[in-house]
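Novice: Below are the structure tokens for one structure; questions will follow.
The values are calculated or read from the model by the stated rules, or taken from the named source; none is laboratory data. Keep in mind that what you see is a predicted model, and the values were worked out from it rather than measured. Here the Cβ positions follow ideal geometry from the backbone for every residue, glycine too, while neighbour counts run over all protein chains shown. To get the accessible areas, we keep the full protein, side chains included, count just its heavy atoms, and leave off ligands, DNA and RNA. Shrake-Rupley method; radii C 1.70, N 1.55, O 1.52, S 1.80 Å.
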Amino acid sequence: MSAQAGAGTMNDLAPRQPALSAIIFDPGIVRRSLIIAAIVGTILNLIAQGDFLMDGQPLNFWKICLTYCVPYCVSTYGAVTARLETYRKQAEAAKQDEA
């Protein structure tokens with residue numbers, strides 16, 4: 001075993017970026033995205049299918065589901081890209097500190 005094997009560099013000490021799936025399914029991101037999807041999806045469903053509700057006509061449940069999925073995906077995408085940007089900036093700062 002060489003002396004270098006136990007020595008760590010600054011990059012070894014910098015936080016590593018987790019897998020993309022770990023970021024996407026982070027409980028905080030999922031919770032916020034669900035809240036946003038519930039609020040925005042409900043508003044969009046009322047706008048899109050409010051006439052059907054008032055007239056007592058049958059609703060299109062496929063469209064209802066999609067209307068909740070879209071704000072969930074948009075919210076998740078925004079949160080994940082923000083988190084990835086944070087990791088990128090941390091890695092750049094660690095490189096500058098090392099130099």
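Novice: For segment 21-64, what % of the accessible area comes from carbon and sulfur atoms, probe 1.4 Å? Kindly include the intermediate steps, with their values, before the conclusion.
Specialist: Working: 2360 of 3210 Å².
Here carbon and sulfur together make up 73 percent of the probe-accessible area.
Novice: Per residue, how large is the accessible surface of segment 27-96? Use a 1.4 angstrom probe and give square angstrom.
Specialist: Values: 4980 Å² over 70 residues.
Accessible area per residue: 71 Å².
Novice: Give the shape of segment 39-81 as rounded, prolate or oblate, defined through the alpha-carbon gyration tensor: a ≥ b ≥ c are the square roots of its eigenvalues, a/c under 1.5 means rounded, and otherwise the shape is prolate if a/b is larger than b/c and oblate if not. Before the final figure, lay out the partial values.
Specialist: Numbers: a/c = 5.60, a/b = 2.73, b/c = 2.06.
Verdict is prolate for segment 39-81.
Novice: Let me ask something else. Compute the FRET efficiency between Ala48 and Ala22 as 1/(1 + (r/R0)^6), taking r as their Cβ-Cβ distance and R0 = 22 Å, and round to the nearest 0.05. It would help to have the intermediate numbers written out before the result.
Specialist: Numbers: r = 34 Å, r/R0 = 1.55.
Once rounded, the FRET efficiency stands at 0.05.
Novice: So if each residue of separation counts as 0.36 nm, and I subtract the Cα-Cα distance between Phe61 and Lys89, what length gain in nm does that give?
Specialist: Numbers: separation 28, 0.36 × 28 = 10.08 nm, distance 4.25 nm.
This chain segment gains 5.8 nm when fully extended.
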